[in-house]
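Okay, so here's the structure we're looking at.
Every number in this text was worked out from the coordinates using simple rules, so none of it is lab data. Note that the structure is a prediction, hence the values are computed from the model and not measured. Here the Cβ is made from the backbone with ideal geometry for all residues, glycine too, and neighbour counts use every protein chain on show.
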Amino acid sequence: VILNINPQARIVDLSHQVRPQQVDEAAYLLKSCYRYFPEGTVHVVVVDPGVGSARRPLLVTSSRYYFVAPDNGVLTDVLQEEVSVEVREIENKQYRLDAEGATFDGRDLFAPAAAWLTRGQPPGSYGRLIRDYVRLSSQEPAWEGQALVGRIIYVDHFGNLISNVTPLHLKEVQGKLRRSRVTIRVGGTVIEGLTSHYAEGSPDAPQALINSNGQLEVFVKEGSAAEWLKLGRGERIEVS
């Protein structure tokens, strides 16, 4: 569909491995990748459990990028991080394909809407500005007694457990508890301190590090932390 509208468009697939209906998983992947694309890139996100329903299709513009996605919270992190943001409901039927059914909005709605942007169509022609767009609930870690409690928000294909705990949170723990080294508890396992890279780890036990996206990650060298600990997304991780 995109190439039919703009044969010169360059299409880069970020992922087709998001589990069905997992909007927050898609939001994490988008947050991790989008800023490394050139300015003017049109990002299309079609993780859309509400396909064909009354949920709105959105066009988001920022000072650097365009985003075309359903109004289901998948753009929550983008809307927090980008500046000069405008959010529009895609209402103009000129930017849709005619279709008998309403089960394939990735093809009939989001793809053509994005393609016409690459042809220079102005965002203002897509529809009205809105402010009541959907946001995912906050996933910030919180204190419980003497531990800061976060969550595993993503498990990559290596089985690494990626949390919502950042270096700023670790500094907060160190400052509050007056400790130079943190202790991590996850799935009944205690990890003392952090390693700096995977090669420092052990194949015999889980270790932790700050990954390249700036998030606390639990891993097993040359193995799977998810399998080792029998844990997945949504599990708690404690830092003290």
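Things worth noting here:
- Among G193, G159, G120, the largest mean-square fluctuation in a Gaussian network model of the chain, built with springs joining Cα atoms closer than 10 Å, belongs to G120.
- Per the Cα gyration tensor, segment 2-125 maps to an equivalent ellipsoid with semi-axes of 19, 18, 14 Å, ordered largest to smallest.
- Going by neighbour counts of Cβ atoms within 10 Å, the residues K31, K176, K93 line up, fewest first, as K93, K176, K31.
- Tilt relative to the chain, helix 23-33 - C-alpha long axis, 0 to 90 degrees, to 10: 90
- Computing FRET efficiency as 1/(1 + (r/R0)^6) for K230 and L177, where r is the C-beta to C-beta distance and R0 is 22 Å, gives about 0.15.
- For segment 122-138, putting each phi into the Karplus relation 6.51 cos²θ - 1.76 cosθ + 1.60 with θ = phi - 60° gives couplings of x, x, x, 7, 7, x, 7, 6, 9, 10, 9, 6, 6, 10, 6, 5, 4 Hz, in residue order, rounded to whole numbers and with x for Gly and Pro.
- Dipole moment magnitude, nearest 20 debye, the chain about Cα centre, only Lys, Arg, Asp, Glu C-beta charged: 420
- Summed residue charge, Cβ within 15 Å of L170's Cβ, Lys/Arg positive, Asp/Glu negative: +1
- Hits among aspartates and glutamates - C-alpha to C-alpha of K171 under 17 Å, sequence gap 8 or more where chains match: E140, E144, E192, E217, E238
- Label separation (E81 vs Q121): 2.7 nm, computed from points 7 Å beyond Cα along the C-beta direction.
- Once the Cα atoms are used to define both axes, helix 167-177 deviates from the longest principal axis of the chain by about 40 degrees.
- Each Lys and Arg contributes +1 and each Asp and Glu -1, all at the Cβ; summed about the Cα centre of segment 142-239, the dipole is approximately 400 debye.
- Taking each DSSP H run with n ≥ 4 as -39500 (n - 2.57) and averaging over every residue of the chain yields -5000 deg cm²/dmol at 222 nm.
- Normalising by residue count, segment 142-239 has a Cα convex hull of 88 Å³ per residue.
- Most mobile of Y36, Y28, Y66 in a GNM of the chain (Cα contacts under 10 Å): Y36
- GNM result for the chain, Cα springs below 10 Å: residue of D98, D71, D13 fluctuating most strongly: D13
- Inverse mean reciprocal Cα-Cα distance (Kirkwood Rh) of the chain, Å: 19.7
- Nearby lysines by direct alpha-carbon distance to K230 (threshold 27 angstrom, same-chain neighbours under 8 apart not counted): K31, K221
- Summarising the amide proton neighbourhood of V44: residues at separation of 5 or more, or on other chains, whose placed amide H is nearer than 5 Å comprise V68.
- Ranked W228, W143, W116, criterion: other C-beta atoms within 10 Å, fewest first: W143, W228, W116
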